[in-house]
Structures are given as structure tokens and as C-alpha cells.
1. In degrees from 0 to 90, rounded to the nearest 10, what is the angle of the helix 314-323 Cα long axis to the longest principal axis of the chain?
2. According to a simple spin-label model (label point 7 Å from Cα along Cα-to-Cβ), what is the distance in nm between residue 161 and residue 250?
3. Can you pull the three principal axis extents for the Cα set of the range 1-155, in Å, largest first?
4. Calculate the translational D of the chain in whole µm² s⁻¹ from Stokes-Einstein, where the hydrodynamic radius comes from the Kirkwood formula applied to all Cα pairs, the temperature is 25 °C and the viscosity 0.890 mPa s.
5. Assuming 0.36 nm per residue, please report the length gained on full extension of the stretch residue 354 to residue 242 beyond their Cα-Cα distance.
6. When the chain is modelled as a GNM with alpha-carbon springs shorter than 10 Å, which of 382, 79, 109 fluctuates the most?
7. On a 0 to 90 degree scale, rounded to 10, what angle separates helix 81-99 from the longest Cα axis of the chain?
8. Please label the shape of the range 304-360 as rounded, prolate or oblate, based on the square roots a ≥ b ≥ c of the eigenvalues of the alpha-carbon gyration tensor (a/c under 1.5 means rounded; beyond that, a/b larger than b/c means prolate, else oblate).
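Read-outs throughout are calculated quantities, based only on the coordinates presented, and are distinct from any laboratory measurement. Since we're looking at a predicted model, the values are computed, not measured. With ideal geometry, Cβ positions are generated from the backbone for all residues, glycine too; neighbour counts draw on all protein chains shown.
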């Protein structure tokens, strides 16, 4: 088995291959497989238009079991009708047959162009070879194979001790555009060798997604293929983790840290982005109102372009709060940009030029203090540049 630069949980193997799905010259088909059947959990796009693999996986995840995930980039297999469903099922069946596992234990994920037929004449013949090469690729190479407009593969790993055993949680994801909850548009696979019951894994996944992938936005667009799948094969040999186990909190914290790390990478890799932006709204009436206000700012095209232009135009920030629908008192609002207070109690402080210089940083922190309660939320986003327009104007060419 090829040695990975990233930590890999026990019992997980990887394979990648070129199928020339969109164009030749890169590996675009990946397989993740556990040496034994695993507990499985998943979350999927809330878009009413769902890709064929999402529909297939949503049915299979009800079993709470899984062993393999086959993933392609270059074609979303979305808006592809009955044939798309047949193609997704065929991909799973071909992988299951070669792996000698049950069809229902194989999940399928696709990412790429919407509305284009899957080139099964190129994908199908490659799947036996993909299975044959299992273990010859690393988790890092699997992360690279699922990229579309991403500029780098995204991998995060955490290890901890549970009952004298080392447990590892590793996640890979892809995503750089069409990023907005719920969930952010991406594919994410979290693998762990922990022995954990299904209910506890479901809980850990939901908690992690709520604090990570559901708190990022790049362009306000939601995809048809968003999927997070988690597999836990128990090969670490730890005592079974349940929701009431002493180890559950530590496991959930590590799981959330992996998800947050991946979500941060997605924002850092935002299409055409030059700046990573953290929007914090505090002292709101409630947490949900804080989140709503933070997203209004993070999704504002005017805010994002001002950040790109190093313009501390705080009027755009307070205007976004004003139309967000949250409880708000103008005379209580304080606004800080990278530590510089540019608005105090809803009025200018005269420090815009100083703040403009701070905006030249690659990382920007916007803090909004509403002065109304104890609610708080943090949302991650990026600036909006000409690069985003170019990437998406030429996406299918």
C-alpha cells in the first residue's frame, strides 16, 4: 500500500485513475474502501434539484452501513433523468462486483457539469482497474482526483487516545465555487477507525456540519450534489462509543475540528478569491439572528467587492444588516475591521483610511457588535474578484 503524507485511519484503502470524463490529462475517478463493513452516516443538499447519486445515496444511507465510495469529477450526473439514475446504480454495481461486496454498501458521488450525460463508455471499463489498484493511491491523491475548480487537494486529519487506543479521523473534500448552505456545495468524506454506534456518529456528523459546512459561503449558490459521508469501521479497537460515553465529547470535538479545517480550506480556495474573510456577529438577540446577520454580510456582493478593493466601506456592512430581517438598533451597532473600529454606536469614527490599510491583509476579520443580547455566530467567506467571473464564464469550455 502506498504511504500517505496525511494520517489515514486503519483499514481504509484508496485508488485513483484517469477516465477522461470531462477531458484527458488528469485522474478523475476515485475509490475509497474500508477493509470491512463500516457504520455510515450522511448529509445531503437541501436543493430541490438533486443529482442522481444524491438520490441513490439518500436511500442507501438509511441502512446505516457502508463499505466503499466511488467518486468522479468532471460530470455531476444531475438533471440526467432516468438514465442518470441507471448510470449511478451501474457505477455502484460495477464497483461492488469487483470488490465482492453488497451493492447497497457502495455509495456514489459525482461533481462537475450539470445536465451532461455521464460518459459511461469511458467510466465503466475503468472501474475494474480502479478496484484492482486499490491501496496503490493515498488519501491525498484521492482528494486531488475529486477536484473541479479547486486549486489544491483538501485533507485534514486528527488523532486521539480513547481507552488506550489511538483513534484517527481523516477527511477529504472538494469545493471552491457554488458554496452556500445548507449545505455548502461540496463533496466531503470523513473516515475514522473508531468503533462508534450509528446514533452517535449521526450526532457527531450533524454537530460538525452545523458548525462548519453550514457556516461558509463563497457566492450564495447551492449545488445539486452536496454530500457529506462518514464511515467508521471500528478497526482502532476502542471500546464502543455511544452518545453517553465519556469519549463521545472528545470524538465529536475532533470530528468537528476536521470538518472545520476542511470548510476553512474551501473558503481559502474560493474561486478567484484573494482574501479569507471571517464575519463575526455578537451580542445579537439570539444565535439564529446573529447567524442570519452574518450571512447577509458574507453574501453581499457589494461587501465582497469592497473587501477586494481594500475599501473599508462600512455603510455596505450596516446596510446588509438592515435588510437581513434581524432585530437591530442602529444607535447600538459597533463595527470593527481587523481590529479597527470604523463605526461606533452607528456613527463613523473617521478611521476609514487606517482600516483600508488593514484590508490589504490576506485574512480579514469583521466583527459586528449589535449590543442587544448574547447571541453570536461566525461565518466564513471570501472576497469577489474578476477571477471568479472568468472561472465561471468559462466553466464548460
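1. Once rounded, one gets 70 degrees.
2. Once both label points are built, they end up 0.8 nm from each other.
3. 40, 37, 28
4. Details: Rh = 21.8 Å.
Stokes-Einstein gives a translational diffusion coefficient of 113 µm²/s.
5. Values: separation 112, 0.36 × 112 = 40.32 nm, distance 5.18 nm.
Taking residue 354 through residue 242 to full extension adds about 35.1 nm, to one decimal.
6. 79
7. The angle comes out at about 60 degrees.
8. Values: a/c = 2.71, a/b = 1.46, b/c = 1.86.
The shape class here is oblate.
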